[in-house]
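I have placed the structure first, in the form of structure tokens, so that the comments after it can refer back to it.
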């Protein structure tokens, strides 16, 4: 089955888009995403992922750009404490991304951040100013 024919439940769609299921419900109600009800569940075409998460479809182009700030931050560890960072949980609470979504975005290079010695991620505050993240911020 090709990606354009693949149908996802709202839960699976949310996981792949890196957002919460309630965000997908809001998108369905507002018309940002189109779906059909089958047996009481919303089914959404997988090709709509590119419409709601354009950075996901452009991941190869976005990854080199996003990896530069990570490398720069690692080389300038003296200035790192001056920059505001968030834990994955804090960043998730400020956005419509789930904790899993924030971690996935970090691993894919769609968010900038770094791991500490214990392996815990910290997310750079600069992500809040990025146009591709702006629509995910809770208002």
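Out of the residues in segment 16-32 that are more than 18 Å from residue 93 (Cβ to Cβ) and in a loop (DSSP other than H, G, I, E, B), which is nearest to the chain's Cα centre (by Cα)?
32
Identify the residue in segment 1-15 that is under 20 Å from the mean Cα position of the chain (by Cα) and modelled with pLDDT of 85 or more and, among all such residues, is surrounded by the most Cβ atoms within 10 Å (Cβ to Cβ). Give the derivation first.
If we filter segment 1-15 for residues that are under 20 Å from the mean Cα position of the chain (by Cα), which is where we start, we get 3, 8-15.
Cutting the leftovers down to modelled with pLDDT of 85 or more gives us 8-15.
Values: 8: 20, 9: 16, 10: 20, 11: 13, 12: 16, 13: 26, 14: 23, 15: 18.
So, considering only residues that are under 20 Å from the mean Cα position of the chain (by Cα) and modelled with pLDDT of 85 or more, the one surrounded by the most Cβ atoms within 10 Å (Cβ to Cβ) is 13.
Go over the candidates 94, 68 one by one and state the one that is surrounded by fewer than 19 Cβ atoms within 10 Å (Cβ to Cβ), within 15 Å of residue 130 (Cα to Cα), assigned by TED's automatic domain parsing to the domain that holds residue 126 and at pLDDT 90 or above. Lay out the reasoning, then the answer.
Details: 68 fails: at pLDDT 90 or above.
Testing whether each residue is surrounded by fewer than 19 Cβ atoms within 10 Å (Cβ to Cβ), within 15 Å of residue 130 (Cα to Cα), assigned by TED's automatic domain parsing to the domain that holds residue 126 and at pLDDT 90 or above leaves just 94.
Which of the numbered conditions does residue 57 fail, given that it passes all the others? Conditions: (1) modelled with pLDDT under 85; (2) surrounded by 15 or more Cβ atoms within 10 Å (Cβ to Cβ); (3) touching a helix residue (DSSP H, G or I) at 6+ places or on another chain (Cβ under 6 Å).
For residue 57, the exception is condition (2).
The values are calculated or read from the model by the stated rules, or taken from the named source; none is laboratory data. Note that this is a predicted model, so its numbers are computed, not measured. FYI the Cβ positions are ideal-geometry reconstructions off the backbone, even for glycines, and counts take in every protein chain you see.
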